[in-house]
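Asks: The structure's right below; bear with me while I get my questions together.
The values are calculated or read from the model by the stated rules, or taken from the named source; none is laboratory data. Keep in mind that this is a model prediction, so the values were computed, not measured. We place every Cβ from the backbone using ideal geometry, glycine too, and count neighbours over all the protein chains shown.
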């Protein structure tokens, strides 16, 4: 029996050029697991207002973070895949993206053609939410091949220890006034409809707080990357940063547990936009804990997770 492992991340434009960014955003923002508004209402807004204005602006941000190797999110996902391949030499280990390429369905079918009797699918998002996981699950199931899906791993002790070690390294470097656990936000309507994401984020913060040496009263959960006019999970990271400065907390450490690889949200939104806003408000030290990226301990964790699930 040949085992397969498919690692799935969000995706990226094919290039930082406006046309490719527009194509990527159109696919992403047309997903009703992301935007729940009826298509008849949302699509005219998306095509007539959002894409013409947001595409070129997002393209400038992607150009800021693009490396010689390409999109950081793609590059780091490739590194994780390659490290896991070395750890599971008898497995077929591949990667796919929810939006863009490589495509989930095409990759799963190719893996079956390559002899995989069953494939473990791991979305590279520790906490479950409809807006990331449901589309992955729907696409994976539509491939009509034998699969097993791991829907979340935030509660895994091995993962928690690795994340805590990442944070502790930064904590030990400086005496910070505040540690913010900043998660990608989602609309509050999704939570009201039963999405477990907020609960899982809070549980992540609570579990990691017990594993690090840092005053618990200086730790807080916040959310970032709000999109559109509807209310999203609060408190918002950007607002929290300015409020901290206002009360004299000018040295802030931020960790982003919902991202396992550097991407637009960490490299541009946080390390550029939120950093600049924080400094303009009078903040002093702003430090972002790096995501898992190419940490071999995380790749070992993923390999163990897949092996135990087979």
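Asks: Please work out which residue is farthest from the chain's Cα centre (by Cα), limiting yourself to the stretch 201-225 and to residues that are surrounded by fewer than 19 Cβ atoms within 10 Å (Cβ to Cβ) and farther than 15 Å from residue 167 by Cβ.
Replies: Going through the qualifying residues, I end up with 217.
Asks: Regarding residue 121, is this residue part of a loop (DSSP other than H, G, I, E, B), at pLDDT 95 or above and touching a strand residue (DSSP E or B) at 6+ places or on another chain (Cβ under 8 Å)? Show your work before the answer.
Replies: On the way: part of a loop (DSSP other than H, G, I, E, B): no; at pLDDT 95 or above: yes; touching a strand residue (DSSP E or B) at 6+ places or on another chain (Cβ under 8 Å): yes.
In short, no.
Asks: Go through the stretch 1-21 and give me each residue that's farther than 23 Å from residue 136 by Cβ and at pLDDT 95 or above.
Replies: Within the stretch 1-21, 15, 16, 17, 18, 19 meet the criteria.
Asks: For residues in the stretch 146-190 being within 23 Å of residue 7 (Cβ to Cβ) and in contact with a strand residue (DSSP E or B) (Cβ under 7 Å, 6 or more places away or on another chain), which is surrounded by the most Cβ atoms within 10 Å (Cβ to Cβ)?
Replies: Within the stretch 146-190, the match that is surrounded by the most Cβ atoms within 10 Å (Cβ to Cβ) is 183.
Asks: Further question on the same structure: Within the stretch 156-196, restricting attention to residues that are without any contact (Cβ under 8 Å) to a residue 60 or more places away in the chain, part of a loop (DSSP other than H, G, I, E, B) and within 20 Å of the chain's Cα centre (by Cα), which residue is farthest from residue 225 (Cα to Cα)?
Replies: 186
Asks: Report, by residue number, each residue of the stretch 81-102 that is part of a helix (DSSP H, G or I) and either out of contact with any strand residue (DSSP E or B) (no Cβ under 8 Å at 6 or more places or on another chain) or in contact (Cβ under 8 Å) with a residue 40 or more places away in the chain (or both).
Replies: 81, 82, 83, 84, 86, 87 - these are the residues of the stretch 81-102 that are part of a helix (DSSP H, G or I) and either out of contact with any strand residue (DSSP E or B) (no Cβ under 8 Å at 6 or more places or on another chain) or in contact (Cβ under 8 Å) with a residue 40 or more places away in the chain (or both).
Asks: Could you count how many residues in the stretch 139-155 are within 25 Å of residue 258 (Cβ to Cβ) and touching a residue at least 12 places away in the same chain (Cβ under 8 Å)?
Replies: Qualifying residue count for the region: 11.
Asks: Out of the stretch 205-218, which residues are out of contact with any strand residue (DSSP E or B) (no Cβ under 7 Å at 6 or more places or on another chain) and outside any loop (DSSP other than H, G, I, E, B)? Break it down into steps so the answer makes sense when it comes.
Replies: First pass over the stretch 205-218, keeping only residues out of contact with any strand residue (DSSP E or B) (no Cβ under 7 Å at 6 or more places or on another chain): 206-208, 210-213, 215-217.
Across the stretch 205-218, the qualifying residues are 206, 207, 208, 216, 217.
Asks: Report, by residue number, each residue of the stretch 22-80 that is in contact (Cβ under 8 Å) with a residue 24 or more places away in the chain, more than 17 Å from residue 268 (Cβ to Cβ), out of contact with any helix residue (DSSP H, G or I) (no Cβ under 7 Å at 6 or more places or on another chain) and buried (at least 16 other Cβ atoms within 10 Å of the Cβ).
Replies: Residues satisfying the conditions are 77, 79.
Asks: In addition: Give just the number: which of (1) closer than 27 Å to residue 15 by Cβ; (2) in contact with a helix residue (DSSP H, G or I) (Cβ under 6 Å, 6 or more places away or on another chain); (3) assigned to a loop (DSSP other than H, G, I, E, B) does residue 105 not satisfy?
Replies: (3)
Asks: Another one. Look at the stretch 214-259 and say how many of its residues are over 27 Å from residue 131 (Cβ atoms) and either out of contact with any helix residue (DSSP H, G or I) (no Cβ under 7 Å at 6 or more places or on another chain) or without any contact (Cβ under 8 Å) to a residue 40 or more places away in the chain (or both).
Replies: The total comes to 12.
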